[in-house]
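Any read-out appearing in this document is the output of simple, stated calculations on the displayed coordinates, not a laboratory observation. These numbers come from a predicted model, not from an experiment. Ideal geometry is used to build each Cβ from the backbone, glycine not excepted, and the neighbour counts take in all protein chains shown.
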Amino acid sequence: MDRKKMVLSMLKREIAPGEVCYSRKSLSRLSALPEEKVLVIAGKSAETNGTLEKAVGHLDKAGAVATVEIYPGGEPTLDEVGQLAARAAEEKADWIVALGGGSIIDSAKFTWAAYEHPELNFAEPTEIPPLGEKAQLIAIPTTSGSGAEGSITAVISAASSGQKMPHVSPEWIPRIVILDPETTTGQPPSLTAQSAFDALAHAFEAYVSRMSSPMVKTHAATAIRLIFNALPISFSNPEDILAREALQLAAYHAGIAQNTASTGIVHGLSHGAGEALKLPHALATAFFLMPGLRYNEAHEKTAAEYDQLAVDTGTGNRSTLFTKVERLYLDTGLPASLAEMTGESPTVDQIEALTSSTAADRCLRTNPIPVKVENLTEILETL
């Protein structure tokens, strides 16, 4: 199903999570689950910062039987999802709890679908059938960037080739989302910055997307305001819980915006860099944000939308808005070049692979202006 049909179908049904718990200590929502079987898929950071221990404690209090799988990290692969789905079937899980960043939540989504529908082949474009007959999904993000907890898109890859395969479906929406800022503590400032810029890119691109709307623009502008205010505080003082709370809410708003409007050239380049240069998604998205904004600014209509976004976010005009983004990028110490990110200058073959992958990326369909191979080449030559 293409995105236009997907959005039309979404307008006819409720696609928001059945329940969103947003506050400090909201992880305790797990203690109110029924006395049923729970498969917890957790990232290593959740294990390290004590969030996993707290979550299991709440499940024990509920009388639930918890089985924990520590996910190694990186985007989920077909093999890993197959193993997790087999574990869910072995345990006859009634709930699947994702406790981690975007990749962890995506792995739980695919696990959920494979558990309920073992016949699905995620290596090909696949329409996801209704989910929820065997189990329900709970998403608990421990980073504030991907918005995966409320996203209709999940990405899986083939371990052999590294090819990324996005699957879009309203079925991915969890039954419960828990936004507890205490789950994000313990992150290094660099990861906080990368995650926040991922959310910032979701918001900027959704605002000017070909499929944007007044509702999308409201969510996007809200996310940008929150990030502009909270990221400098959270970066310099990682334990400031109010700033972390604001970033978590920003990521959720940005995720809602991209659900309907999708993204554009920034995410296209990020996906291409992930395949060609093996760069982490959030880092690549942060790096390509300003080049993408500058490219779209050349279009008169999009430039006017950036001017309006500056008004909506209280940053004056387009020039001061962009300066704010550039200053935030520099102040958080993010890399200044592709060579700095990869450790050496990319080869000609790598740049060609990045360009080719980006040109074929579905995100370009909703970019406000067309993107051709020669446009991508010009952008990359400046970086």
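Is the C-alpha gyration tensor of the range 166-224 telling us rounded, prolate or oblate? Criteria: a/c under 1.5 is rounded; beyond that, a/b larger than b/c is prolate, otherwise oblate.
oblate
Based only on Cα atoms, what Rg/Rh ratio does the range 176-332 have, Rh being taken as Kirkwood's radius?
0.95
So what's the chain giving for Cα Rg divided by 2.2 N^0.38 Å, two decimals?
In units of the 2.2 N^0.38 Å rule of thumb, it is 0.94.
In straight Cα distance, which aspartates and glutamates are under 13 Å from Lys134, not counting same-chain residues fewer than 8 positions off?
Partners within reach: Glu36, Glu90, Glu91, Asp94, Glu116.
What angle do you read, to the nearest 10 degrees and between 0 and 90, between the alpha-carbon axis of helix 265-277 and the longest principal axis of the chain?
70
Enter the mean projected area of the convex hull around the alpha-carbon atoms of the range 3-184, in nm², rounded to one decimal. Show your work: numbers first, answer last.
Details: hull surface 38.8 nm².
So the Cα hull casts an average projection of 9.7 nm².
Can you report the principal axis dimensions of the range 89-228 using only the alpha carbons, biggest first, rounded to whole angstrom?
45, 37, 32
With 26 Å as the limit, write out which pairs from Lys54/Lys164; Lys54/Lys278; Lys217/Lys301; Lys278/Lys372; Lys217/Lys278; Lys301/Lys324 have Cα-Cα distances beyond it, or answer none.
With Cα atoms farther than 26 Å apart: Lys54/Lys164; Lys54/Lys278; Lys217/Lys278.
What does the helix-only formula give at 222 nm for the chain: each DSSP H stretch with n ≥ 4 adding -39500 (n - 2.57), the total divided by the residues, and the result rounded to the nearest 500 deg cm²/dmol?
Value at 222 nm, helices only, nearest 500: -17000 deg cm²/dmol.
Please list, short to long, the whole-number percent of alpha-carbon pairs of the range 78-160 in consecutive 10 angstrom bins beginning at zero.
So the P(r) values, bin by bin, are 18, 54, 27, 1.
Once you charge only the Cβ atoms, +1 for Lys and Arg and -1 for Asp and Glu, what is the size of the charge dipole of the chain about its Cα centre, to the nearest 20 debye?
So the magnitude is around 940 debye.
What is the packing order of peptides 310-320, 130-140, 266-276, taking the mean over residues of other C-beta atoms within 10 Å and listing the highest first?
So the peptides 310-320, 130-140, 266-276, ranked by packing, come out 266-276, 130-140, 310-320.
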